[in-house]
């Protein structure tokens, strides 16, 4: 069962613009979501998280929004930088990961 | 503070063989989880160990087994290897009750 889905395998944005990565989930029982970033030849690294008692969490250039009624969360990166180019995974606290979105930020 | 390390980095095996992958947790982390990441997919949860006991398992057959040692290092053992076992195997450590996991760089296994 795919509890966490990322339907966009790739996203390309221009440096300085906003990147929006999306994630949908099916099981509201798991109420904590995390975003991880993965560079080639490295393991995923934790980026930002959000619990269901919030609808927004911000950390510098990164903001995660949670829409519980739509069972949807999104990660916003503003402004995007070339070093943000990586694969981004969303995950829930049941250790279910989405398939990932490859972000490419062009200079 | 050392991060999560895994060995070996790469491995080639043939169908039917057995393999052992190793992981050293981040200092102070007594919970370790193992994941399989096939090409183009996200990490799939195999199982988790906490204080040397299995503490949860994903949808993987019993030929995937694990161990956690008193120093919190761990092993993933896979018996009777199949071609579909070819993947990146990731381990991640965490503190109990904390959702954030710290991943190692992974072991890439190729089964021929």
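Residue-wise test of (1) under 22 Å from residue B:47 (Cβ atoms); (2) more than 10 Å from every other protein chain (Cβ to nearest Cβ); (3) part of a loop (DSSP other than H, G, I, E, B).
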{"residue": "A:8", "(1), (2), (3)": "no, yes, yes"}
{"residue": "A:13", "(1), (2), (3)": "no, yes, no"}
{"residue": "A:43", "(1), (2), (3)": "yes, no, yes"}
{"residue": "A:69", "(1), (2), (3)": "no, yes, yes"}
{"residue": "A:104", "(1), (2), (3)": "no, yes, no"}
Inset, instruction - Name, by its number, the condition in (1) modelled with pLDDT of 95 or more; (2) buried (at least 21 other Cβ atoms within 10 Å of the Cβ); (3) within 11 Å of another protein chain (Cβ to nearest Cβ) that does not hold for residue A:49. - result: (2)
Inset, instruction - Could you check residue A:56 against (1) touching a strand residue (DSSP E or B) at 6+ places or on another chain (Cβ under 6 Å); (2) within 13 Å of chain B (Cβ to nearest Cβ); (3) without any contact (Cβ under 8 Å) to a residue 12 or more places away in the chain and say which number it fails? - result: (2)
Inset, instruction - Inspect all residues belonging to the range A:81-94 and state whether any of them is at pLDDT below 95 and touching a strand residue (DSSP E or B) at 6+ places or on another chain (Cβ under 6 Å). - result: yes
Inset, instruction - Only strands (runs of 3 or more DSSP E) wholly contained in the range B:1-41 count here; list those with 1 or more residues that are over 14 Å from the mean Cα position of the chain (by Cα). - result: B:10-13
Legend entry - Number of positions in the range B:42-66 that are in a loop (DSSP other than H, G, I, E, B) and either more than 11 Å from chain A (Cβ to nearest Cβ) or loosely packed, with under 13 Cβ neighbours inside 10 Å (or both): 7
Inset, instruction - Being without any contact (Cβ under 8 Å) to a residue 60 or more places away in the chain and on the phi > 0 side of the Ramachandran plot is the filter here, so list the residues in the range B:70-86 that pass it. - result: B:72
Inset, instruction - Considering (1) within 13 Å of chain A (Cβ to nearest Cβ); (2) more than 17 Å from residue B:5 (Cβ to Cβ); (3) at pLDDT 95 or above, say which one residue B:99 fails and leave the rest. - result: (3)
Inset, instruction - Collect the residues in the range B:67-96 that are in a strand (DSSP E or B) and either within 14 Å of chain A (Cβ to nearest Cβ) or over 22 Å from residue B:42 (Cβ atoms) (or both), keeping them in residue-number order. - result: B:67, B:68, B:75, B:77, B:87, B:88, B:89, B:90, B:91, B:92, B:93, B:94
Inset, instruction - Mind counting the residues in the range A:71-102 that are more than 14 Å from chain B (Cβ to nearest Cβ), under 21 Å from residue B:41 (Cα atoms) and crowded, with 21+ Cβ neighbours inside 10 Å? - result: 2
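The values are calculated or read from the model by the stated rules, or taken from the named source; none is laboratory data. Note that the structure is predicted; figures quoted are calculated from it, not measured. Glycine also receives a Cβ, built like all others from the backbone with ideal geometry; neighbour counts cover every protein chain displayed.
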